[in-house]
Structures are given as structure tokens and as C-alpha cells.
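Asks: Starting off with a structure, shown below.
The values are calculated or read from the model by the stated rules, or taken from the named source; none is laboratory data. Remember, predicted model here, so these are calculated numbers, not experimental data. In this analysis, Cβ positions are derived from the backbone assuming ideal geometry, glycine residues included, and neighbour counts consider all displayed protein chains. Heads up: the accessible areas ignore ligands, DNA and RNA and are worked out on the full protein's heavy atoms, side chains in. Shrake-Rupley method; radii C 1.70, N 1.55, O 1.52, S 1.80 Å.
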Amino acid sequence: MHYIPEDGVYTYFRYNDKGETVMVMMNANKQEKTIDGGRFAERLTGFTSATNVVSGATLPDLKTLRIPGQTAWVLELKR
């Protein structure tokens, strides 16, 4: 599921019938952007946190996402 880019941030989701979901965010801006997770409620409902599959870092809250400038995230969503 793809979302129209907003303010230089492009987001899409990949998911399967088992409920496994990956969220990909790309920030093309030079500065950090704060994204309201509510925009993605259709895909984020039921998930409470995420793990960055590249760095291993945990995002404990999906309500507000702060993505650094010129960065791409691949996040495995967790229930």
C-alpha cells in the first residue's frame, strides 16, 4: 500500500496474510521531519512499535515518527 508523498516524505507498506508488515519511509529533505502516524492508521492499527531492520533500533511509539533528513527506514512492525 502506497501513500502519496507529503512534505518530501514517501511512505509505503508491504504485508502478507499472516499479518507481517513492513513500513518503508524515505525522507528526501535535508532536515528531519516529524510525521503523524495517524495518517497511516489503516495500516498501523494493532501495531505498537517497530524495529529498524537495518540498524536494529527500536521505535517504541508509532504515533509520532521523527525521520532524519535524507534517510530511508525499513521498519518491521510489532504488536
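Asks: If you scan the stretch 20-35, which residues turn out to be touching a Lys or Arg at 6+ places or on another chain (Cβ under 8 Å) and over 17 Å from residue 71 (Cα atoms)?
Replies: 21
Asks: When the stretch 12-62 is examined, which residues are found to be open to solvent by less than 70 Å² (accessible area, probe 1.4 Å) and of a type in the set (Val, Ile, Thr)?
Replies: If the condition is that a residue be open to solvent by less than 70 Å² (accessible area, probe 1.4 Å) and of a type in the set (Val, Ile, Thr), then 21, 22, 24, 35, 51 are the ones that fit.
Asks: So, in the stretch 66-79, exactly how many residues are over 13 Å from residue 13 (Cβ atoms) and either in contact with a Gly (Cβ under 8 Å, 6 or more places away or on another chain) or surrounded by 16 or more Cβ atoms within 10 Å (Cβ to Cβ) (or both)?
Replies: The qualifying residues number 2.
Asks: List the strands (runs of 3 or more DSSP E) that sit entirely inside the stretch 36-79 and contain at least 2 residues that are without any contact (Cβ under 8 Å) to a residue 40 or more places away in the chain.
Replies: Correct list: 49-52, 64-67.
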